[in-house]
Every structure is written in structure tokens, then in C-alpha cells.
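What follows is a single structure, written as C-alpha cells, with notes after it.
The values are calculated or read from the model by the stated rules, or taken from the named source; none is laboratory data. Please read these numbers as outputs of a predicted model, since none were measured by experiment. Backbone-built Cβ (ideal geometry, glycine too); neighbour counts: all protein chains shown.
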Amino acid sequence: MSEKLATTKRLSRRTLFSALLILIVIPVTIGIGIFVLDDRKYYFISLLIVLYTMVPFAMVFENRKPQARELIVIAVLAAIAVAGRGAFFMLPQFKPVVAIVIIAGVCFGAEAGFLVGATAGFVSNFFFGQGPWTPWQMFCFGLIGFVAGILFQKGWLKKSKLSLCLFGGLSTLIIYGGIINLGSLLMVSTTLTWEGLLAVYISGFWFDMVHAVATMFFLFLISGPMIEKLERIKMKYGLVHKG
């Protein structure tokens, strides 16, 4: 039993490869978009990120073909995130996207969490407006889903509302806010200064706080029933093995 538990908590080669892709290849791609392509090819960079996310997710299925129902569940989660972002368009930063991405990572694994987050960021911006900020948003949403999946697999993140809300608030504030503010600065200037960084983080702090509170609010509201339904679907159809 203890050996089985240790195997479950140990990160697979697939997840480690995914981490390499997400933490190194995607940031380098975004950097190329900024410094080489002068932020003018953001559609191209966004599509590359979508393709990158499909590689580790496809590896989840290893030597078998994914069934349509497995892909549909992931697509539906991404669609719910997009719809949720659109439904609250009148409230700046008060969106359920991160909450849904975290739930996807917890229920279907780190790779699925990243795919749902990145896809939701890309598709929703067809309504909110595409721009050089799109790859940054895709990366931030996806990274939070990926981290949620890993922490849950390691046993450090639980399905309880308290655990999810704490992680949701902190990850939105630190991961999303920390990266997106850096991206905002690099969109207007490729020269990084301490003064510029301080100014952009101070100006974005309250927006990040609203975003973090929104994530906690939606996780408190929907995490219980949503996770329960997704777990039922997983058990019934044997969806997306995470080991």
C-alpha cells in the first residue's frame, strides 16, 4: 500500500517533461515573440503555446488513442472557463477562469490543467481582444492549472474548500499577478529597471487582489459540486489516468 502511494506521489517522466516544456520552452517562445518579433506575431506565439500544451496532454494517453469522451470533458471545462470569463465581462478581474482551471488540474492532472488554462486564455480573447498580452495570459492560466495538478498529486493540495481557496488566492496573486505584471512592463519597454518593476507591481496590486478574491469566491462556491460531478464522470468512464 505504501509503495503504491509513493508511486502515485512520485512525478512521472511525462510530468517532468511537461514541466521542462512549460517552464523553459514556453517562456523562451514568449521571449522570442517580444525581443525578436517585437510583439507583432502574437497570434503565431499563441498558437505555438497551444501546440506545446497538446504534446504533454497527448502523452497522458501513452500507447492508446484518447476516446472522444475524454477529450470532450476537457473541451467542456475550457468552454466553461471561456463562458465564465465572458459572463463577468462587466466586472474587471472578477472572473472564474482560474477557479475552473484549478479544478481541471485537480481532477484530471497537471497536463490537462495547463491545457484548459491556455486554451481558455486563447479562445476567450477572441471576445476580449487578442494582443501581445494573450501569450502571457495563456501561460499564467495554464501554469496555475499545472501547479494545482502537481500539488494535488503530491498530496499537498486537498479537495477541501479551505485548501483550494487558499491555493487559489495565493496562486492568482503570486503566479498570475507576478507574471502578468512583468509581461505588462515588457509590452511597453524591453528595458527592465527596478523603478519600472516597482511601479507596475504597485499599480497592478489592487487588480490582482480583486482577481485573487474572485478566484477564492468561485472556488468556495463551485469547487464542491463540480469536483463531485467530475469524479463521478471519471469513475463511470475511466477518464484520463494521471499516474
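The residue that is farthest from Gly177 (Cα to Cα), among those in the stretch 193-243 that are at pLDDT below 85 and aliphatic (A, V, I, L, M), is Met235. Does Val123 count as farther than 25 Å from Leu16 by Cα, at pLDDT 90 or above and either in a helix (DSSP H, G or I) or in contact with a helix residue (DSSP H, G or I) (Cβ under 7 Å, 6 or more places away or on another chain) (or both)? Yes, satisfied.
So for the stretch 15-24 (the condition being over 23 Å from Gly169 (Cα atoms) and modelled with pLDDT under 75), does at least one residue qualify?
The answer is no; no qualifying residue exists.
When Val82 is tested against the conditions (1) within 22 Å of Val28 (Cα to Cα); (2) in contact (Cβ under 8 Å) with a residue 12 or more places away in the chain; (3) of a type in the set (A, V, I, L, M), the lone failure is (1). Criterion applied to Val106, Val82, Val123, Val73 was being among the β-branched types (Val, Ile, Thr), farther than 15 Å from Ala214 by Cβ and buried (at least 24 other Cβ atoms within 10 Å of the Cβ), and the one residue passing it is Val106. Filtering the stretch 16-46 to residues that are without any contact (Cβ under 8 Å) to a residue 12 or more places away in the chain, β-branched (Val, Ile, Thr) and within 21 Å of Gln153 (Cβ to Cβ) leaves only Ile24.
Residues that are crowded, with 17+ Cβ neighbours inside 10 Å, touching a residue at least 24 places away in the same chain (Cβ under 8 Å) and closer than 27 Å to Arg14 by Cβ occur in the stretch 176-199; there is at least one. A Cβ distance below 7 Å, combined with a sequence gap of six or more or placement on separate chains, defines the contacts here; from the stretch 137-157, residues that are farther than 14 Å from Ser12 by Cα reach residues that are outside any helix (DSSP H, G or I) in the pairs Ala148/Leu157. Can you name the residue in the stretch 132-175 that is loosely packed, with under 15 Cβ neighbours inside 10 Å and over 19 Å from Phe218 (Cβ atoms) and is also modelled with the highest pLDDT among such residues? Ranking the candidates gives Trp156 first. When you look at Ile100, is it surrounded by 24 or more Cβ atoms within 10 Å (Cβ to Cβ), at pLDDT 95 or above, part of a helix (DSSP H, G or I) and in contact with a Ser or Thr (Cβ under 7 Å, 6 or more places away or on another chain), yes or no? No: the conditions fail for Ile100. Selection within the stretch 126-167: residues that are of a type in the set (Gly, Ala, Ser) and assigned to a loop (DSSP other than H, G, I, E, B). The member of this set that is nearest to Ile34 (Cα to Cα) is Gly131. For the stretch 103-120, the set of residues classified as farther than 12 Å from Glu231 by Cα and part of a helix (DSSP H, G or I) consists of Gly105, Ala110, Glu111, Ala112, Gly113, Phe114, Leu115, Val116, Gly117, Ala118, Thr119, Ala120, listed by residue number. Being outside any helix (DSSP H, G or I) and either of a type in the set (Val, Ile, Thr) or at pLDDT 85 or above (or both): is that true of Lys95 here? Considered against the rule, which asks whether it is outside any helix (DSSP H, G or I) and either of a type in the set (Val, Ile, Thr) or at pLDDT 85 or above (or both), Lys95 comes out as yes.
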